[in-house]
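The values are calculated or read from the model by the stated rules, or taken from the named source; none is laboratory data. Bear in mind the structure is a predicted one, so any value in this text is a computation, not a measurement. Counting neighbours? That spans all protein chains shown, and the Cβs are built from the backbone with ideal geometry, glycine included.
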Amino acid sequence: MKIGFTTSVIQRGKTGVAQYVFALLRAMLPHAAKHEFNLFIFEEDLPLFDFAKGKMNFVTVAEKFRPAVKNVLWHQTELPKLAKKLNLDVLHVPSYRRMLWRAPCPLVATIHDLAPFHITGKYDWKRMIYGRVIVKRLARRQYEIIAVSENTARDLQTFFGLGRDRVSVVWNGIDHRRFAPGDVGAAKKSAVEKWKLDRPFFLFVSRLEHPGKNHVRLIEAFNQFKATTKSDWLLALGGSDWHGAEAIYAAAKSSPFAADIRFLGFVSDAALPELYHATDVFIYPSLFEGFGFPPIEAMASGVPVISSTRGSLREVVADAALTVEPEDISDIAGALAKMAGSADERDRWRAKGLVNARRFDWNENAAQTLAIYQRAIQRRKS
């Protein structure tokens, strides 16, 4: 097959969609000898794809098309022409934000979530309209759709009216070579040097997005936990600024325990596994997720997890995390206290998490995705 894959939705490698793109393409590398992969990549993003250099073809996209509106227009006007010129058998768009209307070849799209239908104010009004109205019409133009969870598949049926004949659930995977138990002592020493994390700490890795990721309630719960227990634990927030980040910074600044709340900024792919090894407890209180990479990465790394069960998180974390109601501050605070107060409790959840994480494997997902490409081609023929 001659496969096209557009990568412009990765936001310079700093989002969950970026992790999906990188991991899926890495898992596709063993198949590159049999199939031709053509990756559409922004000029400044080319170094991020060095792992595929020489094995997959790079089609450079000018930086002038990076702004959102221009990028949407590029996908709707220029990409169909390129697909036709390259004589692609199938074209994969790994995000609903850039799905194509015109079909120069069979189209496959990955839809990670339908968050605009669940979280009021997640984006500005223009993006909310795009996510609720335009995307619905675009989705119906795709030959095959990959949903990353059963929850997202149900949402596609509920909100878009898409039958399961065109929607396939392919769970995200994780790279078990990167995310596995490691040297805790060395990792803790590194965390002190890099981020001044010199005491036990809770970690939340997510872009700083308010209200969707629920940082403000987490900070309020941390305040309650600290006031009640007098614990010396820290709260570390890793992630780059996103919509509403100013509200998160304001909540941390006004906290009576502001000195114990650390903003780590964007955590690079290279640094993330070691940060997990240094973490005492990982917490993920998100209000909605189409999948949720970080809790599974933490579990695979041997870290006990506290998690919301909103969106797909219930099916992803299963019974391997201490679960909380994300809008109940006292519930979150109680979970923090429970984990911080008992090494046996942490060990119990650590063991359950390691078992759960084994369910998610990119190599299997790559094979499933290739089969979906074949079905899209067959659908076009029929």
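Miscellaneous remarks
- When residues of segment 3-38 are limited to those that are closer than 15 Å to residue 110 by Cα, part of a helix (DSSP H, G or I) and among the aliphatic types (A, V, I, L, M), the one modelled with the lowest pLDDT: 17
- Of the residues making up segment 52-62, those that are surrounded by 12 or more Cβ atoms within 10 Å (Cβ to Cβ) and either in contact with a Lys or Arg (Cβ under 8 Å, 6 or more places away or on another chain) or not in a strand (DSSP E or B) (or both) are 52, 55.
- Scan of segment 325-345 for residues that are surrounded by fewer than 20 Cβ atoms within 10 Å (Cβ to Cβ) and not acidic (Asp, Glu), ordered by number: 330, 334, 337, 338, 341, 342, 343
- Within segment 255-267, considering residues that are touching a strand residue (DSSP E or B) at 6+ places or on another chain (Cβ under 7 Å) and in a loop (DSSP other than H, G, I, E, B), the one modelled with the lowest pLDDT: 267
- Looking at 270, 251, 236, just one residue is part of a loop (DSSP other than H, G, I, E, B) and either closer than 13 Å to residue 203 by Cα or in the same structural domain as residue 352 (by TED's automatic domain parsing) (or both), and that residue is 270.
- Meets criteria (assigned to a loop (DSSP other than H, G, I, E, B), surrounded by fewer than 20 Cβ atoms within 10 Å (Cβ to Cβ) and touching a residue at least 40 places away in the same chain (Cβ under 8 Å)) for residue 182: yes
- For segment 143-178, the set of residues classified as part of a loop (DSSP other than H, G, I, E, B) and either β-branched (Val, Ile, Thr) or over 15 Å from the mean Cα position of the chain (by Cα) (or both) consists of 143, 148, 161, 162, 163, 164, 165, 166, 170, 176, 177, 178, listed by residue number.
- Complete set of residues in segment 39-51 that are closer than 20 Å to residue 2 by Cα and either in contact with a Pro (Cβ under 7 Å, 6 or more places away or on another chain) or not in a helix (DSSP H, G or I) (or both): 39, 40, 41
- Inter-residue pairs, beta-carbon under 6 Å, first over 18 Å from residue 1 (Cβ atoms) and in segment 72-89, second part of a helix (DSSP H, G or I), 6+ apart: 74/65; 75/98
- Qualifying positions in segment 147-181 - touching an Asp or Glu at 6+ places or on another chain (Cβ under 7 Å) and among the small types (Gly, Ala, Ser): 149, 168, 173
- Among the residues making up segment 288-312, those that are at pLDDT 95 or above, over 14 Å from the mean Cα position of the chain (by Cα) and either crowded, with 24+ Cβ neighbours inside 10 Å or under 25 Å from residue 152 (Cβ atoms) (or both) are 299, 300, 301, 303, 304, 305, 306, 307, 308.
- Conditions (1) more than 30 Å from residue 103 (Cβ to Cβ); (2) of a type in the set (Val, Ile, Thr); (3) in contact with an Asp or Glu (Cβ under 6 Å, 6 or more places away or on another chain); number of the one not met by residue 317: (3)
- In segment 258-273, the residues that are free of Cβ contacts under 8 Å to residues at least 12 places away in the same chain and surrounded by fewer than 19 Cβ atoms within 10 Å (Cβ to Cβ) reach residues that are aliphatic (A, V, I, L, M) and outside any loop (DSSP other than H, G, I, E, B) with C-beta atoms within less than 7 angstrom, at least six apart or across chains, in these pairs: 258/252.
- Flag if residue 270 is over 28 Å from residue 152 (Cβ atoms) and modelled with pLDDT under 95: yes
- Residue within segment 117-137 that is over 24 Å from residue 10 (Cβ atoms), surrounded by fewer than 22 Cβ atoms within 10 Å (Cβ to Cβ) and either β-branched (Val, Ile, Thr) or at pLDDT 95 or above (or both) present: yes
- Residues of segment 179-211 satisfying the condition of being within 22 Å of the chain's Cα centre (by Cα) and not basic (Lys, Arg): 179, 180, 181, 202, 203, 204, 205, 206, 208, 209, 210, 211
- Looking across segment 317-367, the residues that are at pLDDT below 95 and either among the β-branched types (Val, Ile, Thr) or part of a helix (DSSP H, G or I) (or both) come down to 362, 363, 364, 365, 366, 367.
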